[in-house]
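Chemist: Before I ask anything, here is the structure I am working with.
The values are calculated or read from the model by the stated rules, or taken from the named source; none is laboratory data. In this text the structure is predicted, and so the values were computed from the model without any measurement. When we count neighbours, we look across all protein chains shown, and the Cβ atoms used for this are built from the backbone with ideal geometry, even at glycine. Just so you know, the surface numbers come from the protein's heavy atoms only, side chains and all, with ligands and any DNA or RNA stripped out. Shrake-Rupley method; radii C 1.70, N 1.55, O 1.52, S 1.80 Å.
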Amino acid sequence: MTAWVLVGIGVLILGFVLRFNPLLVVVASALATGFAARMDPIALLSAFGKAFNNNRFVTIIYIVLPVIGLLERHGLQERARDLILRLKGATVGRLLIGYLLFRQITAALGLTSIAGPAQSVRPLVAPMAEAAADAQAPERDKDDERVPAMAAATDNVGLFFGEDIFIAIGSILLMKGALETYGISLEPLQLSVWAIPTAIAAFAIHSARLLLLDRRLGRRR
């Protein structure tokens, strides 16, 4: 093994400086490092496959995003708007409170990736919330970003305060490890149980914010 294996770092820096495709730059850097280390081509290909397999949950987003893009191109947002306009009594606050409850419950069960800014907020929740806002206050400023911003905030609040209830989430394990360094031994379940009151408080506080948003929109009629 020689210092030539560091050539991959140079390839990485040069590629980013020249603004080449990041994926191609990373692959080229890995290839340069492998060849500099005199790795067998089959072994190098095997290393690529192993890295991809170990990080498949990260790379799955590259499959999900094109699917969402195709759905949006074929009218997903328009259908979402039409759906919410057909529902009598639908308001921004009620819609987002329902989404907040859904997000907290699923996050508490460990299903943190089934919704999110890219998966659900942009293509579905935000358009539905804006349609409800247009029905509540037709004269409102269409460039006002408060409604989609509140939709994104609802997703964040639901995920952040819901996932701590799941015993196998990273934050619970991190707290367990940190407490053990001070001689405090707690089971993950004990930490999860104490996250429930916080989640309930977060739900109540954010729901109040959403109902206040409903009230402001109602005044603009």
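Chemist: Pairs of alpha-carbon atoms within less than 8 angstrom and 6+ residues apart define the contacts here; what relative contact order does the chain have, in percent?
Modeler: Working: 212 pairs, mean separation 43.8, N = 221.
So the answer I get is 20 percent.
Chemist: So, one more: So for the stretch 109-155, what are the equivalent ellipsoid semi-axes in whole Å, largest first, each being the square root of 5 times an eigenvalue of the Cα gyration tensor?
Modeler: Details: eigenvalues 117, 16, 13 Å².
Whole-Å semi-axes of the equivalent ellipsoid: 24, 9, 8.
Chemist: Right, something else. Gaussian network model of the chain, Cα springs within a sub-10 Å range: biggest mean-square fluctuation belongs to which of 33, 154, 198?
Modeler: Maximum fluctuation in the GNM of the chain, among the listed residues, is at 33.
Chemist: Another question, if that's okay. For 6, 111, give the ranking by accessible area with the largest first, probe 1.4 Å. Could you put the intermediate results ahead of the total?
Modeler: Details: 6 105, 111 80 Å².
Reading off the accessible areas and sorting them downward yields 6, 111.
Chemist: Mind checking which aspartates and glutamates have their Cα closer than 17 Å to the Cα of residue 50? Skip sequence neighbours fewer than 8 apart in that chain.
Modeler: Result set, ordered by chain and number: 40.
Chemist: Ratio of the chain's C-alpha Rg to 2.2 N^0.38 Å, to two decimals? Could the numbers behind the result be given before it?
Modeler: Details: Rg = 23.7 Å, N = 221, 2.2 N^0.38 = 17.1 Å.
Here the answer is 1.38, to two decimals.
Chemist: Just read off the accessible area of residue 141 with the full protein assembly in place, 1.4 Å probe, to the nearest 10 Å².
Modeler: 90 Å²
Chemist: Add -39500 (n - 2.57) for each DSSP H run of 4 or more in the chain, then divide by its residues: what number comes out at 222 nm, to the nearest 500 deg cm²/dmol?
Modeler: Values: 11 runs with 157 residues, N = 221.
Value at 222 nm, helices only: -23000 deg cm²/dmol.
Chemist: Of all accessible surface on the chain at a 1.4 Å probe, what whole percent is carbon and sulfur?
Modeler: The value for the chain is 69 percent carbon and sulfur by accessible area.
Chemist: Continuing with this model, one more query. Given a 1.4 angstrom probe, what's the average accessible area per residue across the chain, in square angstrom? Could you put the intermediate results ahead of the total?
Modeler: Working: 14360 Å² over 221 residues.
Spelled out: the 1.4 Å probe surface of the chain, per residue, equals 65 Å².
Chemist: Right, something else. Taking loop as defined by DSSP and a crowding limit of 13 other beta carbons within 10 Å, which GluC sites (Glu not before Pro) in the stretch 126-184 fit? Walk me through the intermediate numbers first.
Modeler: Working: sites: 130, 139, 145, 163, 180; in loops: 139, 145.
Passing both the DSSP loop test and the Cβ count: 139, 145.
Chemist: Using a 1.4 angstrom probe and counting only protein chains, how large is the accessible area of residue 205 in Å², to 10?
Modeler: Here the residue's solvent-accessible area equals roughly 110 Å².
Chemist: Once you put a point 7 Å from the Cα of residue 184 and another 7 Å from the Cα of residue 83, both along the Cβ direction, what distance in nm separates them?
Modeler: So the two model labels end up 4.3 nm from each other.
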